[in-house]
Amino acid sequence: MTPSPHLRITSDTGTEAVVHDPAARTVTLLLEGELDYETTPDLEAAVRDVLATRPDMRELRLDCGRIGFCDTVGLAGLLSIRRGADSAGVTLALDNRTRTLDRLLEISGILRHLTGPLDLESPAGYGGP
């Protein structure tokens, strides 16, 4: 699969794909562009790769500050990423969300699901404090 030119996935150091912080066991992906039908599979593949190659990881951070557009396929991809992270025992954080992305997550009813911590005591499983 050829990566889409409409979504760039880099680390916060400018290198491709991921940055590793072994001491913190954190991986950060910086996203720039559009999260849609064409680009979402690229992001999901990058996250699957990180989860597969970093079994010691405890936190995955997606920097969303440069996402200019997100459609329903992008939302579904974020939900899929949340499920994959949870299955791997990894905390997911959506950093630097734009007002537009927050509004989309809010009106679709998944803001707390994607941004709240896993809460096994909650019937929904998410959205703790």
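The values are calculated or read from the model by the stated rules, or taken from the named source; none is laboratory data. Worth saying up front: this structure is predicted, and the values here are computed from it rather than measured. FYI the Cβ positions are ideal-geometry reconstructions off the backbone, even for glycines, and counts take in every protein chain you see.
Yes or no: segment 28-36 includes at least one residue that is in contact with a helix residue (DSSP H, G or I) (Cβ under 6 Å, 6 or more places away or on another chain) and farther than 12 Å from Val90 by Cβ. Yes, segment 28-36 contains a residue that is in contact with a helix residue (DSSP H, G or I) (Cβ under 6 Å, 6 or more places away or on another chain) and farther than 12 Å from Val90 by Cβ. Going through (1) within 22 Å of Tyr37 (Cα to Cα); (2) out of contact with any Gly (no Cβ under 8 Å at 6 or more places or on another chain) one by one, Thr53 falls short only on (1). Of everything in segment 55-75 that is of a type outside the set (A, V, I, L, M, F, W, C) and within 16 Å of Leu30 (Cα to Cα), the residue that is surrounded by the most Cβ atoms within 10 Å (Cβ to Cβ) is Gly74.
Listed by first and then second residue, the pairs linking a residue in segment 94-114 that is in contact (Cβ under 8 Å) with a residue 12 or more places away in the chain to a residue that is part of a loop (DSSP other than H, G, I, E, B) and surrounded by 14 or more Cβ atoms within 10 Å (Cβ to Cβ), with Cβ atoms under 6 Å apart and 6 or more places separating them unless they lie on different chains, are Arg112/Gly127; His113/Tyr126.
Ala52 fulfils the conditions (1) in a loop (DSSP other than H, G, I, E, B); (2) exposed (fewer than 15 other Cβ atoms within 10 Å of the Cβ); (3) modelled with pLDDT under 95 except for a single criterion, (1).
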